[in-house]
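> Input: one structure, supplied below.
The values are calculated or read from the model by the stated rules, or taken from the named source; none is laboratory data. No experiment lies behind these values; they were computed from the predicted model shown. Here Cβ is always computed from backbone atoms with ideal geometry, including for glycine, and neighbour counts include all displayed protein chains. Please note that ligands, DNA and RNA were not included when accessible areas were found on the heavy atoms of the full protein model with its side chains. Shrake-Rupley method; radii C 1.70, N 1.55, O 1.52, S 1.80 Å.
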Amino acid sequence: MKFASFKINESETYGVVEQGLLIDLVGLMKDIKCDLSFPNELLQGIEEGEEFIDRVLQILRKAGEKVKEHSYEESMITWLSPVPNVKRNIICVGKNYRDHAIEMGSEKEIPKDIMIFTKATNTVVGHQQTVFHHEELTQELDYEGELAVVIGKKGKCIPPEKALDFIFGYTIVNDITARDLQKKHSQFFIGKSLDTTCPMGPVVVTKDEIDDPHSLNITTRINTEIRQQSNTREMIFTIPYIISTLSKGMTLEAGDIIATGTPAGVGKGFSPPRFLKKGDIVEVSIESVGVLTNQLQA
Ligand code: MG
């Protein structure tokens, strides 16, 4: 199942995407006057986990023909990030693809243990929302297409073999980075946290739809030119390892987002570097997950 958050006529809602149509679950629930309790935002649904998914299936079945009245073409809605109000910072894995680690420096740059930083919550925007270029602050705005995990259940000390039980689904993140600020300030936080620099979505695909998250093609295009092309099997640290390591001493919460790192081909990796310019269109596509497109402010 594919879940999305979106706006119709200026009201925020969420629903499922089926055959290219967005079904407004909040509107549908009000209309059918169902006695099942139902969350008003997707984050609450994610917190309820598999029971929520079962309930959505029941509702769609029960609603029958009514579903059509609450189905919208993409052109009628405004996409939001699937989780518009993330509860805490986006957790990001750095240098998790060997070829990217090398393009950022040398063989010595390949991490021996997992490297983690975060992006502030103010960075999150949805599919097709504008990304600010912050030209007064940075001349080196860069893109990083990444597979992201959405945590579905609170957990601590999660062993790798149980990690899947704690995943709700997968989405796409573009970890946009101001390279000059990343370098200038000794931690990454400022360079990774400018407003609108975490496009996310368009949807969260539930884990049952992805047989193996480590065999997905991932491609980033800038104005249709392919810059990054890889497969998630190239990750140095796997998703179960990442979840297990993070949760050793830190409780993971439902709704946490973990971006799993980017492959080679970022702007900084070119000689000379090819950073983002005003009006550029950045498109990150991941097999079975979707295509996330954002334009830089013109
Ligand atoms: Mg990244």
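> Counting only DSSP beta bridges with both residues in the chain, tell me the antiparallel percent, nearest 5.
So the antiparallel bridges in the chain amount to around 90 percent.
> Of Lys87/Lys192; Lys68/Lys278; Lys154/Lys277; Lys7/Lys87, which pairs sit farther than 29 Å apart, going by alpha carbon to alpha carbon?
With Cα atoms farther than 29 Å apart: Lys68/Lys278; Lys154/Lys277.
> Ignoring ligands, DNA and RNA, what percent of the 1.4 Å accessible area of region 2-79 is carbon and sulfur?
44 percent
> Rounded to the nearest 500 deg cm²/dmol, what is the calculated helix-only ellipticity per residue at 222 nm for the chain, with -39500 (n - 2.57) per DSSP H run of length n ≥ 4? The partial results should precede the final answer.
Working: 8 runs with 57 residues, N = 298.
So the helix-based figure for the chain works out to -5000 deg cm²/dmol.
> Can you compute 3J(HN,Hα) from phi for each residue in region 215-227, using the Karplus curve 6.51 cos²θ - 1.76 cosθ + 1.60 with θ = phi - 60°, rounded to whole Hz and x for Gly and Pro?
With coefficients 6.51, -1.76 and 1.60, one gets 8, 10, 5, 10, 9, 10, 10, 10, 6, 6, 7, 5, 10 Hz.
> Mind giving me the nanometre distance, one decimal, between the label points for Phe189 and Glu234, set 7 Å out from Cα along Cα→Cβ?
The answer from the label model is 3.2 nm.
> So if R0 is 45 Å, what FRET efficiency would Ile281 and Cys34 give, r being the distance between their Cβ atoms, rounded to the nearest 0.05?
0.65
> Mind ranking Thr13, Thr245 by accessible surface for me, highest first, 1.4 Å probe? Mind showing how you got there, number by number?
Details: Thr13 15, Thr245 35 Å².
Largest accessible area first, the list is Thr245, Thr13.
> Right, next: Test of understanding: extend the Cα→C-beta vector of Glu51 to 7 Å, then name every residue of region 25-45 with backbone N under 13 Å from that spot.
Of the residues in region 25-45, 37-39, 45 have backbone N under 13 Å from the label point off Glu51.
> Continuing with this model, one more query. If the cut-off is 22 Å between C-alpha atoms, which lysines fall inside it for Lys108, apart from same-chain ones fewer than 8 positions away?
Excluding near neighbours in sequence, the set is Lys95, Lys183, Lys184, Lys268.
> Could you give me the percent of Cα pairs per 10 Å distance bin for region 2-79, shortest bin first, beginning at zero and ending with the bin that holds the maximum distance?
Cα pair-distance distribution for region 2-79, in percent: 19, 57, 24, 0.
> Using a 1.4 Å probe and counting only protein heavy atoms, arrange Arg55, Arg98, Arg233 so the residue with the most accessible area comes first.
Arg233, Arg98, Arg55
> What's the FRET efficiency of Lys87 with Glu109 using the Cβ-Cβ distance as r and R₀ = 25 Å, to the nearest 0.05?
The computed FRET efficiency comes out at 0.20.
> On a 20 Å Cα-Cα criterion, which of the cross-link pairs Lys162/Lys248; Lys153/Lys207; Lys2/Lys119; Lys30/Lys66; Lys119/Lys207 come out too long?
Those over the limit are Lys2/Lys119; Lys119/Lys207.
> I would also like to ask the following. Carbon-plus-sulfur fraction of the accessible area of region 132-225, 1.4 Å probe, in percent? Provide the component values of the computation, followed by the final result.
Working: 1960 of 3870 Å².
Accessible surface attributable to carbon and sulfur in region 132-225 totals 51 percent.
> Still on this model: Would you list Ser37, Ser230, Ser11 from the most to the least accessible area, probe 1.4 Å? Spell out each step's value before the answer.
Numbers: Ser37 85, Ser230 20, Ser11 65 Å².
So, going from the largest accessible area down, we get Ser37, Ser11, Ser230.
> If you don't mind, another one. Could you provide, to the nearest whole Å², the per residue accessible area of region 2-79 with probe 1.4 Å?
For region 2-79, the per-residue accessible area is 56 Å².
> For the modelled label position 7 Å from the Cα of Asp99 along Cα-to-Cβ, which residues of region 231-251 have backbone nitrogen atoms closer than 14 Å?
Output list for this probe position: 231-236.
> With every protein chain present, what is the per residue accessible area of region 217-298 (1.4 Å probe, Å²)?
41 Å²
> With a Cα-only, solvent-free Debye model of the chain, what are the log10 I(q)/I(0) values at q = 0.14 Å⁻¹?
Log10 I(q)/I(0), no solvent term: -1.01.
> Separate question: Under a Cβ-only charge scheme (Lys and Arg +1, Asp and Glu -1), can you give me the dipole magnitude of region 154-250 about the Cα centre, in debye to the nearest 20?
Dipole magnitude for region 154-250 comes out near 480 debye.
> Using the Cα centre of the chain as the reference point, and only Cβ charges (+1 on K/R, -1 on D/E), how large is the resulting charge dipole? Debye, rounded to the nearest 20. Numbers along the way, then the final one.
Values: 33 positive and 43 negative charges, 140 e Å.
Dipole magnitude for the chain comes out near 680 debye.
> Have a look at Gln129, Leu42, Ile90 and report the one farthest towards the positive end of the charge dipole of the chain, computed about the Cα centre with Cβ charges (Lys/Arg +1, Asp/Glu -1).
Working it through, the farthest residue towards the positive pole turns out to be Ile90.
> Checking a compactness column here: for region 237-298, what do you get for Rg(Cα) / (2.2 N^0.38 Å), N being the number of residues? Mind dumping the intermediate values first?
Numbers: Rg = 16.1 Å, N = 62, 2.2 N^0.38 = 10.6 Å.
Ratio of Cα Rg to 2.2 N^0.38 Å: 1.53.
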